[in-house]
Amino acid sequence: MQIDVLTIFPDYLAPLELSLPGRARAKGLLELHVHDLRQWTTDKHHTTDDTPYGGGAGMVMKPEPWGAAFDALDIDGATVVFTTPSGAPFTQAMAAELAGHERLVFACGRYEGIDQRVIDHARTRADVREISIGDYVLNGGEVAALAITEAVVRLIPGFMGNPESLAEESHEDGLLEYPVFTKPASWRDLDVPPVLLSGDHGKIAAWRHEQAVRRTAERRPDLLHASHRIDAGDLADLEVRPATRADAGEILTLQKACWVQEAQANAALDIPPLREGLDDVVASLDRWTTHVVRAEGRLIASGRGRLDGSAWDVGRLMVAPDLQGRGLGRWLLSYVEGLAPEGATSYALFTGAGSAENLRMYKKAGYRLRGELDGHPGVVVLTKRRPEQVRIF
Ligand SMILES: C[S@@+](CC[C@H](N)C(=O)[O-])C[C@H]1O[C@@H](n2cnc3c(N)ncnc32)[C@H](O)[C@@H]1O
């Protein structure tokens, strides 16, 4: 790959000479050139900016030096990356895609940005990308070019000694990475989780997967639904995260709406989800791992789990009645299963014997009917063995 960086502050790019791109260069995988845009100015002050047409604060980068630079660098056929806060958000998937390109030319803006015609012109000659590295404004595009270069170069085929280490990283599979540990096993009274010392690869894989799901749910719920492939039809931007007390009122409302259906299906009104009040739901949040799903702010689904011996009890799976039939319930079930901690060897849940829809879904998901719940006529228990080895990626 060849990378050219166009900037009015070439010294800013000095870190590119350091280890990572340096190694890629040594391996013959990367050719890197940093160019001072001012060499393509024609006045004695080497001016690259001017006042904006239409008025307003700040200065705008003039088109002429950019045009001359593009000609000199012969950008035709290259991929030209304009770093800009109004560009497409930079992602790991984008880094992987760019890593397959032969030539990248970074155009680093300054001031209020670059005259729009520069970008429009480049588009007639090259594959143009406008990329943002986050929803904040930097003073110039150099830091963005550095960040993008670093993320891209390490993905160039042949660069990483052990390509497997790439596959397990955050964002590669849509999940954040699980926590990592190294020696010593105990440090300042803090122990490495015993499962990692067990040598049991199946258990280690399951633990890591759970940690990755948990961490993603807590920190980046926006990623979680993509990684778990919710097929909810036209519902975009689902937010999935652990429930807090602030969710309790809506959980209770959803619970009442969902369990009226259950009461009808089982001809039994006196069931806990209908009897419970707000305090019960709030108290349950301490005893259960409860997660909620929101669509455009509205709480549309929820489910919970807790460890009972070696069984992960899955409960209170609910999807707003008007959104049922889109696969959300099925997704929610596997999501709550995925929250099961180390030590759970099976899943268990119960439902009304007359809840035909629920029973169908549970059986499809691999659950077996185990008969009536002790002391609760009309309520049936279903269980499923937890797979020995959960695939992480
Ligand atoms: C002060 S910024 C210009 C911001 C511009 N007026 C706007 O509001 O979009 C100057 C330059 O910094 C770079 N820059 C700033 N924030 C960035 C971000 N989040 N991602 C990528 N580049 C950024 C761009 O190259 C931009 O042209």
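The values are calculated or read from the model by the stated rules, or taken from the named source; none is laboratory data. What you see is a predicted model; the values in this text were computed from it and never measured. Glycine also receives a Cβ, built like all others from the backbone with ideal geometry; neighbour counts cover every protein chain displayed.
Checking V281, V319, V380, V293 one by one, the residue that is surrounded by 16 or more Cβ atoms within 10 Å (Cβ to Cβ) and closer than 24 Å to L176 by Cα is V293 and no other.
When every residue of the stretch 51-71 is checked against the conditions, at least one turns out to be at negative phi, modelled with pLDDT under 95 and within 16 Å of the ligand (Cβ to nearest atom).
Could you check the stretch 5-42 and list, in sequence order, the residues that are modelled with pLDDT of 95 or more and polar (S, T, N, Q)? Matches in the stretch 5-42: T7, Q39, T41, T42.
Run down W331, W288 and say which single residue is of a type in the set (F, W, Y), closer than 19 Å to H209 by Cβ and assigned by TED's automatic domain parsing to the domain that holds E239.
W331
Pairing each residue of the stretch 126-143 that is in a loop (DSSP other than H, G, I, E, B) with any residue that is more than 7 Å from the ligand (Cβ to nearest atom), provided the two are 6+ apart or on different chains, yields C-beta distances under 6 Å for A126/I75; A126/A78; A126/V80; I133/F90; I133/A147.
Could you check, for the stretch 73-92, whether at least one of its residues is in the same structural domain as I114 (by TED's automatic domain parsing), touching a residue at least 12 places away in the same chain (Cβ under 8 Å), loosely packed, with under 15 Cβ neighbours inside 10 Å and among the hydrophobic types (A, V, I, L, M, F, W, C)? Yes, the stretch 73-92 has at least one match. Does the stretch 104-121 hold any residues that are more than 14 Å from the ligand (Cβ to nearest atom) and buried (at least 19 other Cβ atoms within 10 Å of the Cβ), and which are they? Listed by number, the list holds a single entry, L104.
Being without any contact (Cβ under 8 Å) to a residue 60 or more places away in the chain, out of contact with any Ser or Thr (no Cβ under 9 Å at 6 or more places or on another chain), away from the ligand (no atom under 16 Å from the Cβ) and assigned by TED's automatic domain parsing to the domain that holds V152 is a description that applies to G22. Looking across the stretch 349-384, the residues that are within 18 Å of D308 (Cα to Cα) and of a type in the set (S, T, N, Q) come down to T351, T383.
Please pick out the residue among L175, L155, L98 that is within 16 Å of the ligand (Cβ to nearest atom) and touching a residue at least 12 places away in the same chain (Cβ under 8 Å).
After ruling out the rest, the residue left standing is L98.
Looking only at residues in the stretch 226-276 that are of a type in the set (V, I, T) and more than 18 Å from T289 (Cα to Cα), which one is modelled with the highest pLDDT?
In the first step, residues of the stretch 226-276 are kept if they are of a type in the set (V, I, T); the result is 230, 240, 244, 251, 253, 260, 271.
From what is left, the residues that are more than 18 Å from T289 (Cα to Cα) are 230, 253, 260, 271.
On the way: I230: 50, T253: 96, V260: 90, I271: 85.
Among them, the one singled out is T253.
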